[in-house]
1. Among the residues of region 345-360, which ones are part of a loop (DSSP other than H, G, I, E, B) and open to solvent by less than 30 Å² (accessible area, probe 1.4 Å)?
2. Scan 209, 192, 174 and give me the residue that is of a type in the set (D, E, K, R) and within 21 Å of residue 334 (Cβ to Cβ).
3. Tell me whether region 278-286 contains one or more residues that are over 21 Å from residue 232 (Cα atoms) and either assigned to a loop (DSSP other than H, G, I, E, B) or among the acidic types (Asp, Glu) (or both).
4. Looking at residue 264 and the list (1) in a helix (DSSP H, G or I); (2) over 19 Å from residue 83 (Cβ atoms); (3) in contact (Cβ under 8 Å) with a residue 40 or more places away in the chain, which single condition is not satisfied?
5. Can you pull out the residues in region 51-77 that are small (Gly, Ala, Ser) and either over 16 Å from residue 92 (Cα atoms) or open to solvent by 30 Å² or more (accessible area, probe 1.4 Å) (or both)?
6. Among the residues of region 272-296, write down those that are open to solvent by 20 Å² or more (accessible area, probe 1.4 Å) and touching a residue at least 24 places away in the same chain (Cβ under 8 Å).
7. Can we say residue 326 is within 30 Å of residue 73 (Cα to Cα) and crowded, with 21+ Cβ neighbours inside 10 Å?
8. When you scan region 361-369, do you find a residue that is at pLDDT 95 or above and either part of a loop (DSSP other than H, G, I, E, B) or surrounded by fewer than 15 Cβ atoms within 10 Å (Cβ to Cβ) (or both), even just one?
Amino acid sequence: MSSSTSPRPVPRPGVLAIEAYVPGKSGAPGLATVHKLSSNETPLGPSPKAVEAMRTEAAKLALYPDGTSTRLREAIAARYGLDPARIVCGAGSDELLSFLAYAYLGPGDEGIFTEHGFLVYRIAILAAGGTPVVVKERDLRADVDALLAALTPRTKIVYLANPNNPTGTYLPFDAVRRLHAGLPPHVLLVLDGAYAEYVRANDYSAGLDLVLESANVVMTRTFSKIHGLAALRIGWMVGPAEVIDAVNRIRGPFNLSGAGIAAGAAAIADEAHVAAAVAHNDTWLARMTEAVRGLGLSVTPSVANFILVHFPDAPGRNAEAADGFLTARGVITRRVSSYGLPGALRVTIGSEAANTAFLEALTAFTRGEPGA
């Protein structure tokens, strides 16, 4: 039946092909103490300065926020030495990733991302009417040669999470430059740096220099991870003036709340709080990786604030069984089957108490002890 004769409204072609994003579970009913390690949230929480800034905004709830997030864009620009006019803010970086697809993709156009890349890329491409092109990774890492081989005359966007979620792997900056050099000038390279602040590898860069010297590169960032403002939904993007102009024509006039603008501006200026979060992550990322490997399980080397733990494909010992066992003991991890990794669990670096509880529960699981 054609849409013109349907008895009810019919979504345009492709919409119903989108698999909705399903977040990781958040709790374990019936347990008094639960350690949530499923969402890559910072265990240090938000900057106290961000909390105070948000409280100050409480007296202004009847007023519309600044439609261009000027205070926040200026704070970001001051932190990174940027032109505020080259920055646009969104309701999380997810919204900005979608805006880019809406601006540059249409029916027949292709958007490329890697096989274990962030699920929002597929959703954004399909929602814009484009065609997702999934490229194989090599050892759970983006493969520049494979990405370049996937280019066609229909390619308009390449999304690259660096570091990647959920694998925690990254591409060195010389590889990112090689990828960019192989793209036609009309193809937009989107560098998703949601976890960039955590990376300590000497050969890594979030890509800011490449953005500033190129006409077809943007970088997205988020306040949801190291800044601890996930509930406020704040993201930002820096890019060429022409791309920023296109995105601003799509962006709603009040897509950030006044509280989000104020809290974000305070958070990005609190470098001491960020440094404390990095130090905590550096310590526990190494400890967690070593401890899990000591139990005979494989861990993908990570530069982010989570680890990807791989389990054997054996009944009662696999990732599904481990997830159930850990949940029963009050430790919530993330199944990543939707990312094409059914044999693994993603585990956030949490507080000392949460990390200890995870390692104790995982030890009990590998020893074959009964569940709680």
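The values are calculated or read from the model by the stated rules, or taken from the named source; none is laboratory data. Quick caveat, the model's predicted, so the values are computed rather than measured. Note: ideal-geometry Cβ built from the backbone for every residue, glycine included; neighbour counts use all protein chains shown. These area figures cover heavy atoms from the full protein model, side chains too; ligands, DNA and RNA do not enter into them. Shrake-Rupley method; radii C 1.70, N 1.55, O 1.52, S 1.80 Å.
1. Keep residues of region 345-360 that are part of a loop (DSSP other than H, G, I, E, B), which gives 349-351.
Those that are part of a loop (DSSP other than H, G, I, E, B) and open to solvent by less than 30 Å² (accessible area, probe 1.4 Å): 349, 350.
2. That would be 192, the only listed residue that is of a type in the set (D, E, K, R) and within 21 Å of residue 334 (Cβ to Cβ).
3. Scanning region 278-286, I find at least one residue that is over 21 Å from residue 232 (Cα atoms) and either assigned to a loop (DSSP other than H, G, I, E, B) or among the acidic types (Asp, Glu) (or both), so the answer is yes.
4. Condition not satisfied by residue 264: (2).
5. Of everything in region 51-77, those that are small (Gly, Ala, Ser) and either over 16 Å from residue 92 (Cα atoms) or open to solvent by 30 Å² or more (accessible area, probe 1.4 Å) (or both) turn out to be 53, 58, 59, 62, 75, 77.
6. Matches in region 272-296: 273, 274, 276, 280, 282, 284, 285, 287, 291, 295, 296.
7. Answer is no for this residue.
8. yes
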